[in-house]
Amino acid sequence: MAQGTGLSCKRKSDHFTSHLWAALEAMARHRHPRAVLLTAVAAALALATTSRCLAFGSWGGRRAETARGLRGAAARRAVASVEEVKTEVRGEEGTASFRRYFLDGAGSEISPWHDLPLGAGAEGEYWMVTEIPKMTKPKMEIATKEPQNPIAQDTKKGKLRDYHGPIFWNYGYLPQTWEDPTVEHPELKVLGDNDPVDVVEIGMRAHAQGEVVRVKVLGALAMIDDGELDWKILAIALDDPAAAELNDVEDVQAKMPGVVTGIREWFRWYKTPDGKPLNAFGFDEEMLDSKVAFEVIEETHGHWRKLRSGDAQSGLWTGAVEGAAA
């Protein structure tokens, strides 16, 4: 990328960003939930794309891939290697019958929560299971109470749930983690949300639903949703062009300005069109550094071990207990 192009991009990004956030703050004061959400969505998109221009040049016609083979390292439990894992769709997409199951190399069903490994090799590298590809709206998630934990579309009062606007990052979770709903955070004084730990992956490629991605962890955001602690781990795919330059949240702030703010505001506002209040965030709303993120992952992995051993009563499907702890 020519230097002049980068400087021009930065000026445009800074100018556009300042106007967008001014509009967002003004609309928030007048409490127009749907309008506020749309403004936040526009801001997040602009911030994510213009910051890419600043750090890595324009998109240059690159297109997000819709499918990708699973890559992996040796797992220690049900699967011999992550790259052997396949997915199988049952039911009809866009209906309550839709399920995406995970299969090992022999074609047997496995749980993408309990049977896939957490660590992906080097320190700070983990496996992420993609539930919601970037730029999509259906609210997909693993069915934590169903056998083998397939991916399904979330429902509320019998209706399929969609975001009111697309999410601008890949969204998924870390296998072998669990936010224990009986454990209170010592500082925030809230309990866990009874789910695996969520991941927001900020790379440029859209990952396929069900894709297992090796990611580098960069930070953690303590979201409080309906009075429950719902950690959001900030990460980037190891094969993303930006990965080599990003090692902590400070690098993201410097090289991709606005992305962290966009993520926080998207999650703050996204439920307001349904009449729900704004989500809150702990620790002065800061995206905490990778050291804290590693501590969150280690702690929630410990909670998962307790869940799998049968020491926690959760109502969730955990499968076989023997040999589950990593």
Given Cα pairs under 8 Å that are at least 6 residues apart, what percent is the relative contact order of segment 137-177?
-> 38
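Contour minus end-to-end for GLU88 and GLU123, with contour as 0.36 nm per residue of separation and end-to-end as the Cα-Cα distance?
Details: separation 35, 0.36 × 35 = 12.60 nm, distance 3.13 nm.
Length gained, GLU88 through GLU123: 9.5 nm.
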Sticking with the crude label model, points 7 Å out along Cα→Cβ, report the distance from SER314 to ARG161 in nm, one decimal please.
-> 1.7
Size of the dipole of segment 146-262 about the Cα centre, Lys and Arg at +1 and Asp and Glu at -1 on the beta carbon, nothing else charged, in debye to 20?
-> 420
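Give the relative contact order (percent, whole number) for segment 200-307; include only Cα pairs under 8 Å separated by 6+ residues.
Worked out over segment 200-307, it gives 32 percent.
Let's see if you can work this out: charge +1 on each Lys and Arg Cβ, -1 on each Asp and Glu Cβ, no other charges. What is the dipole magnitude of segment 227-326 about its Cα centre, in debye to the nearest 20?
Details: 10 positive and 19 negative charges, 92 e Å.
Result for segment 227-326 is approximately 440 debye, rounded to the nearest 20.
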Lysines near LYS232 by alpha-carbon distance under 19 Å, same-chain residues fewer than 8 away left out - which ones?
-> LYS134, LYS137, LYS139, LYS189, LYS216, LYS271, LYS291
Please check which bits of segment 197-232 a label hung off ASP154 would reach, taking the label as a point 7 Å along Cα-to-C-beta and the cut-off as backbone N under 20 Å.
-> 197-202, 207-211, 220-232
Using Cα pairs closer than 8 Å and at least 6 residues apart in sequence, work out the relative contact order for segment 91-231, in percent.
-> 26
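No value in this document is a laboratory result; all are computed from the given coordinates. On a predicted model such as this, the values are computed, not experimentally measured, just so you know. Cβ coordinates were reconstructed from backbone atoms using ideal geometry, including for glycine residues, and neighbour counts include every protein chain displayed.
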